Structures are given as structure tokens and as C-alpha cells.
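Student: Take this structure, written in C-alpha cells, and hold onto it; I'll ask about it next.
Every number in this text was worked out from the coordinates using simple rules, so none of it is lab data. Quick caveat: nothing in here was measured; it's all calculated off a predicted structure. Here Cβ is always computed from backbone atoms with ideal geometry, including for glycine, and neighbour counts include all displayed protein chains.
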Amino acid sequence: MNHKGFTLWLTGMSGAGKSTISDQIMARFRESGAKVELLDGDIVRTNLSQGLGFSREDRDTNIRRIGFVADLLSRNGVIVVVAAISPYRATREEVKGKIVNFLEVFVDCPIEVLAQRDVKGLYKRALAGEVGNFTGISDPYEPPLSPDVTVRSDRETVEESVGRVWSELERRGWIESA
């Protein structure tokens, strides 16, 4: 596969399907022989952002760190797939402004569906006021105003969502299937 470096940033609430979609996209890139790295929000938080809490300042610091690494890699010809809640619009816009080739994908899903999917029961507990600083419930999630791609994980299959993202990457000329 011929490609340039770029950052594919998936944002959405917990359980919306960011990791599921990014895993499928990563598999397609790897099968094509692309240079690609995944920056998953949970994994980055455990390693690069260990010690940060869930205050707005800490969440912003986490997203800025992910953005720094994504920019560094994509400037060097690597495809970077980011799957991170990234709840605050201003911080996402700040990161987007620093990365030359940036595609924002909003993985949209209603809270009712997210709560049904949640095997750990975190949404139920957050809605009952038992969990503080829970994004989208007791802490804000600010959806993108004009994402490059919106996928509705409650209405589309994973394959349909991946296909829509892939089509946009091809349309922009960032990937070219051999």
C-alpha cells in the first residue's frame, strides 16, 4: 500500500466502538503492509500518562500527549490511529491544528445504547450518581461540530463504519490500494 503519514482520530463516548473500529482498521492497514501504529486511550493512559487523574486539566494533558506522539509519528510517514474519548472539543481542535494530515472520526452512539452494551455496569452506576467524573454523564463530552466522518455504531455494522472511513482516506488520496 502506498500512503503518506496521517493521523486518524476516533473520538466518542466510552463503549461507542472506537477500539472495535480501530482494531479492524489496523488489521486492514497491516494486511496492506502499511507502517501503522495504534494509540489507544486506555493503553496510553496506563503507560505514557500514568498518574494522571480525570480532572479536565489531566484529561487535556493526556490528549495533548497523544497528539504530540501522533504528530511525531505521522510527520515521519507513519499512519497513526488514535482511539480516545477525548471529551473536550477545544483540546481536540488544538491537537488537530498541530497535525498536518488529520482525519477526525466521530463514533456516535446514544447513551441508552451505550448503557445496554456496558457489561461492567458503569453507565448504570454513573446515571445513579455512584460514579463521579464519568464522561457524558457527570462530566461533559463535547461532540465534534463538523467531524470529517461520522459513524453511527448503533445503526451501522463495524464493517460499514470501517468502509466509510476507508473511503474517505482514499478520497483524500492519503492511501492508495496497490
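Student: Normalised by the residues of the stretch 8-97, what does the relative contact order come to in percent, with Cα pairs under 8 Å and at least six apart?
Tutor: Details: 105 pairs, mean separation 40.4, N = 90.
Once normalised by length, the contact order is 45 percent.
Student: Specify the angular offset, from 0 to 90 degrees and rounded to the nearest 10, of the alpha carbon long axis of helix 89-98 from the longest principal axis of the alpha carbons in the chain.
Tutor: 20
Student: Something else now. Could you give the distance between the Cα centres of the stretch 41-84 and the stretch 142-178, to the whole Å?
Tutor: 21
Student: Rounded to the nearest 20 debye, what is the charge dipole size of the chain about its Cα centre when +1 sits on each Lys and Arg Cβ and -1 on each Asp and Glu Cβ?
Tutor: Values: 24 positive and 26 negative charges, 59 e Å.
It works out to roughly 280 debye.
Student: Which of the listed residues, Ile43, Leu122, Ile25, is farthest toward the dipole's positive end in the chain, when Lys, Arg count +1 and Asp, Glu count -1 at the beta-carbon?
Tutor: Final value for the positive-end residue is Ile43.
Student: Sort the following peptides by mean Cβ neighbour count (other Cβ atoms within 10 Å, averaged over residues), highest first: 81-87, 129-135.
Tutor: Values: 81-87: 25.9, 129-135: 14.3.
Descending mean neighbour count gives 81-87, 129-135.
Student: Further question: Suppose we look only past 15 Å in the calculated P(r) of the stretch 133-178. What percent of the Cα-Cα pairs does that tail hold? Show your work: numbers first, answer last.
Tutor: Values: 628 of 1035 pairs.
Every Cα pair in the stretch 133-178 considered, those over 15 Å come to 61 percent.
Student: Applying 1/(1 + (r/R0)^6) with R0 = 45 Å to the Cβ-Cβ distance of Ile111 and Ala34, what FRET efficiency is obtained, to the nearest 0.05? Spell out each step's value before the answer.
Tutor: On the way: r = 35 Å, r/R0 = 0.77.
It comes to 0.85.
Student: Which of Lys96/Lys120; Lys96/Lys124; Lys35/Lys120; Lys18/Lys96 have a Cα-Cα distance over 25 Å?
Tutor: On the way: Lys96/Lys120 32 Å; Lys96/Lys124 33 Å; Lys35/Lys120 34 Å; Lys18/Lys96 18 Å.
In this structure, Lys96/Lys120; Lys96/Lys124; Lys35/Lys120 lie more than 25 Å apart at Cα.
Student: Quick one: net charge of Arg75's neighbours, Cβ under 12 Å, K/R +1, D/E -1?
Tutor: +1
Student: So if each residue of separation counts as 0.36 nm, and I subtract the Cα-Cα distance between Lys120 and Phe54, what length gain in nm does that give? Walk me through the numbers on the way to the answer.
Tutor: Numbers: separation 66, 0.36 × 66 = 23.76 nm, distance 1.89 nm.
Between Lys120 and Phe54, full extension yields an extra 21.9 nm.
Student: Which is farthest toward the positive dipole end of the stretch 137-178 among Val162, Leu145, Gly173, measuring Cα position about the Cα centre, with Cβ charges +1 (Lys, Arg) and -1 (Asp, Glu)?
Tutor: Projecting each Cα onto the dipole axis, the largest value belongs to Gly173.
Student: Rounded to the nearest 10 degrees, what's the angle between the helix 18-31 long axis and the longest principal axis of the chain, both from Cα atoms, 0 to 90?
Tutor: 20
Student: Mind putting a number on the dipole of the stretch 4-87 about its Cα centre? Charges go on the C-beta only, +1 for Lys and Arg and -1 for Asp and Glu, and I need it in Debye to the nearest 20. Before the final figure, lay out the partial values.
Tutor: Values: 11 positive and 9 negative charges, 42 e Å.
So the magnitude is around 200 debye.
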